[in-house]
Amino acid sequence: MLTSLGAAGLALALVYNQQSNAVYAATASKQGENKYDRELTILTPGSEKPLQQKTTAEEEEGYFVSLYHTFLEKVNEFFDSFNSPTSQKLLPDQVPGFSKPLTLVVDLKELVHTTWDFNHGWRTLKRPGVDYFLSFVSQFYEVVVFTDEPAMTALPVVEKLDPQHMFIQYRLFREATLKVKGEYIKDVTYLNRDPARVIMIDPKTQNQERQPENVLRLKEWDGQGDDTTLLDVMEFLKAIAMGGTTDVRPIIKAVKDQDVVAVYREKRQKAEEAKSKRKFRL
């Protein structure tokens, strides 16, 4: 940077000090190869003559280095704003005594299936049982539909699912995601909810890897009309909510990479058999 100043012949930098209302003019002029005469002129209000103060090369270089790092930091902050959620708190604070203790975050792709062809264009199909599913789980959970699609295209679909706003309390879109290596990722820590009380139903691998103890993986739906996954998983979600759990993560971890519905049915069947045996002994 000093070499560029020497090549220019003369450089002038003005800095305004808010505390002393003084304007500092730093000049550097070339006096031979790689040699500079540096002078700091302080212009104070009401002073007839400027005060002259010599600065060393190290001090001046440190100033410009500091200025460069500050500029670089501001540039990074500016571009990071495009890769971070629009707010550090995506959901408003809960009201004690009125809010449900658990939050269920569902990806829109788990509720609908979108297709396109030349004859019909874009078509969106509702997953079998989605209306009953939303009305059922909303009794026990604070329901949030969270998608990495833009609000412009996803909001009309969400409004069709719950036009009266009776079951889906909050809607989050791409603007609420993190952008990591070109992928839009959801982060449970931005929800303004205790992660121990959040269950996410999401098909995306990156979201599952980011918060493995919160994401519940369901059977993927490809638009077939005989799918019963949403109806099957309702009892599992109800059991978690009615059990009074304060931390859902050990439960989610126990069924990781497994068919949630099958595991729940098996455990429920064993519990019923054990209960019937106890009754028979009595």
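Return a yes/no flag: does segment 121-135 have any residue that is at positive phi and surrounded by 15 or more Cβ atoms within 10 Å (Cβ to Cβ). Yes, because at least one residue in segment 121-135 is at positive phi and surrounded by 15 or more Cβ atoms within 10 Å (Cβ to Cβ).
Residue by residue through segment 211-251, note down the ones that are closer than 20 Å to A262 by Cβ and of a type in the set (S, T, N, Q). Matches in segment 211-251: Q224, T228, T229. Only one of the numbered conditions (1) closer than 24 Å to T228 by Cα; (2) part of a loop (DSSP other than H, G, I, E, B); (3) of a type outside the set (S, T, Y) is not met by V106, and that is (2). Restricting attention to segment 130-150, does a residue exist that is modelled with pLDDT under 95 and farther than 25 Å from V233 by Cα? Yes: segment 130-150 contains one or more residues that are modelled with pLDDT under 95 and farther than 25 Å from V233 by Cα. Within segment 51-99, being at pLDDT 75 or above, of a type in the set (S, T, N, Q) and more than 30 Å from F140 (Cα to Cα) holds for S66, T70, S84. When the residues of segment 191-209 are filtered to those that are surrounded by 15 or more Cβ atoms within 10 Å (Cβ to Cβ) and over 18 Å from D247 (Cα atoms), the one that is modelled with the highest pLDDT is D202.
Yes/no per residue for (1) assigned by TED's automatic domain parsing to the domain that holds V143; (2) among the aliphatic types (A, V, I, L, M); (3) over 25 Å from V130 (Cα atoms); (4) modelled with pLDDT of 90 or more:
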position: V233; (1), (2), (3), (4): yes, yes, no, yes
position: A239; (1), (2), (3), (4): yes, yes, no, yes
position: T246; (1), (2), (3), (4): yes, no, yes, yes
position: I251; (1), (2), (3), (4): yes, yes, no, yes
position: V255; (1), (2), (3), (4): yes, yes, no, no
position: V263; (1), (2), (3), (4): yes, yes, no, no
position: Q269; (1), (2), (3), (4): yes, no, yes, no
position: K275; (1), (2), (3), (4): yes, no, yes, no
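Filtered by the rule that a residue be within 30 Å of M242 (Cα to Cα) and either in a helix (DSSP H, G or I) or not assigned by TED's automatic domain parsing to the domain that holds K238 (or both), segment 134-175 gives L134, S135, F136, V137, V158, E159, K160, L161. Looking only at segment 63-81, decide whether some residue is surrounded by 13 or more Cβ atoms within 10 Å (Cβ to Cβ) and either part of a strand (DSSP E or B) or polar (S, T, N, Q) (or both). Checked against the condition, which is being surrounded by 13 or more Cβ atoms within 10 Å (Cβ to Cβ) and either part of a strand (DSSP E or B) or polar (S, T, N, Q) (or both), segment 63-81 yields no hits at all.
Filtering segment 192-220 to residues that are within 18 Å of F136 (Cβ to Cβ) and either part of a loop (DSSP other than H, G, I, E, B) or charged (D, E, K, R) (or both) leaves only L218. Checking each residue in segment 164-220 for being on the phi > 0 side of the Ramachandran plot and within 12 Å of the chain's Cα centre (by Cα) picks out only N192.
Cβ-Cβ distances below 9 Å connect the following pairs, each with a first residue in segment 182-207 that is farther than 13 Å from T147 by Cα, a second residue that is of a type in the set (S, T, Y) and assigned to a helix (DSSP H, G or I), and a separation of six or more residues or different chains: P195/T189. Do any residues in segment 211-227 that are without any contact (Cβ under 8 Å) to a residue 24 or more places away in the chain have Cβ atoms under 8 Å from those of residues that are surrounded by 14 or more Cβ atoms within 10 Å (Cβ to Cβ), where the two are at least six apart or on different chains, and which pairs are they? Here the result reads E220/P203, each pair linking segment 211-227 to a residue that is surrounded by 14 or more Cβ atoms within 10 Å (Cβ to Cβ).
The values are calculated or read from the model by the stated rules, or taken from the named source; none is laboratory data. Being a predicted model, the structure only gives us computed values, none of them experimental. Here Cβ is always computed from backbone atoms with ideal geometry, including for glycine, and neighbour counts include all displayed protein chains.
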